[in-house]
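The values are calculated or read from the model by the stated rules, or taken from the named source; none is laboratory data. These figures come from a predicted structure and were not determined experimentally. Reconstructed Cβ throughout: ideal geometry from the backbone, glycine too, with neighbour counts over all protein chains shown.
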Amino acid sequence: MQSKIEQVITEIEEFIDGCKFQPFSSTKILVEKEHIDELLRELRNKTPDEIKRYQKVISQKEEILNDARERADAMLAETQIHQDQMIEEHEIMQQAYAQAQQIVDQATQQAQQIVDQASEEANNIRQSVMDYTDDMLAELENIVVHAIDTAEAKYGDLLAKLKESKDVIEKNRDELKPKADAKDSEPASPDVLI
């Protein structure tokens, strides 16, 4: 099942795949700015929700650790009660001590195993969340870089065409100026005889 972020990234990829190529280019595409902006806004809005979900998973680490501590404390308390009762019975004092110590050792070992396992699972979850978030951000960065490159190429061509048009206009104006100067100079000739 895809996350909301993955769904939006898939929409962005499908949108980019559906864009038309720029004339005379097989690598540059024309992108509808409003649509890509809307998809990026949607991605930005959904990212915090995904991160909150992963933070909730990480926060469960504390619950697991607390549960393990409570179970260990309960086992230790139960062991202590059991040990106290056995010590009170004088005939079996040595046996009670050995059993109590064994129970304490088992409880400590089990508690440590539970804490170690919970810590390892929480660390694995946290690392997975970090890796996933980094992958999603890397994909987003690639999309944004591609959009920037496309926009620069698009507007770069437009500026070049406008400069060409300006040069043609200036040339046409320059061609018109000598003709206008020649007409103006003919009637003002001082050699005209009256």
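For beta carbons closer than 9 Å, sequence separation of 6+ or different chains, a first residue in segment 69-86 that is closer than 11 Å to Val104 by Cα and a second that is among the aromatic types (Phe, Trp, Tyr) and in a helix (DSSP H, G or I), the qualifying pairs are Gln83/Tyr97. Just to be sure I understand the filter: pairs with C-beta atoms under 9 Å, separated by 6 or more residues or on different chains, first member in segment 107-132 and over 30 Å from Glu78 (Cα atoms), second member surrounded by 12 or more Cβ atoms within 10 Å (Cβ to Cβ) and among the aromatic types (Phe, Trp, Tyr). Which pairs pass? Once the first residue is over 30 Å from Glu78 (Cα atoms) and sits in segment 107-132, its partners that are surrounded by 12 or more Cβ atoms within 10 Å (Cβ to Cβ) and among the aromatic types (Phe, Trp, Tyr) give Ile125/Tyr54; Arg126/Tyr54; Ser128/Tyr54; Val129/Tyr54; Met130/Tyr54; Tyr132/Tyr54.
Based on this model, can you work out whether Ala72 counts as loosely packed, with under 12 Cβ neighbours inside 10 Å and small (Gly, Ala, Ser)? No; evaluated as a whole, the condition is false for this residue. Taking the criterion of being within 28 Å of the chain's Cα centre (by Cα) and charged (D, E, K, R), would at least one residue in segment 73-90 satisfy it? No, segment 73-90 contains no residue that is within 28 Å of the chain's Cα centre (by Cα) and charged (D, E, K, R). Identify, please: which residue in segment 34-69 is basic (Lys, Arg) and surrounded by 14 or more Cβ atoms within 10 Å (Cβ to Cβ) and is, among those, farthest from Tyr132 (Cα to Cα)? Looking at the filtered set, the residue picked out is Arg69.
Here is a list: Ala77, Ala107, Ala100. Which entry is more than 25 Å from Arg126 (Cα to Cα), of a type in the set (A, V, I, L, M, F, W, C) and surrounded by fewer than 12 Cβ atoms within 10 Å (Cβ to Cβ)?
When all the criteria are applied, what remains is Ala77.
Which of the residues spanning segment 29-41 are more than 15 Å from the chain's Cα centre (by Cα) and either modelled with pLDDT of 85 or more or in a helix (DSSP H, G or I) (or both)? Once the filter is applied, which keeps residues that are more than 15 Å from the chain's Cα centre (by Cα) and either modelled with pLDDT of 85 or more or in a helix (DSSP H, G or I) (or both), segment 29-41 yields Lys33, Glu34, His35, Ile36, Asp37, Glu38.
Pick out the one residue from Val145, Val115 that is surrounded by 12 or more Cβ atoms within 10 Å (Cβ to Cβ) and within 33 Å of the chain's Cα centre (by Cα).
Val115
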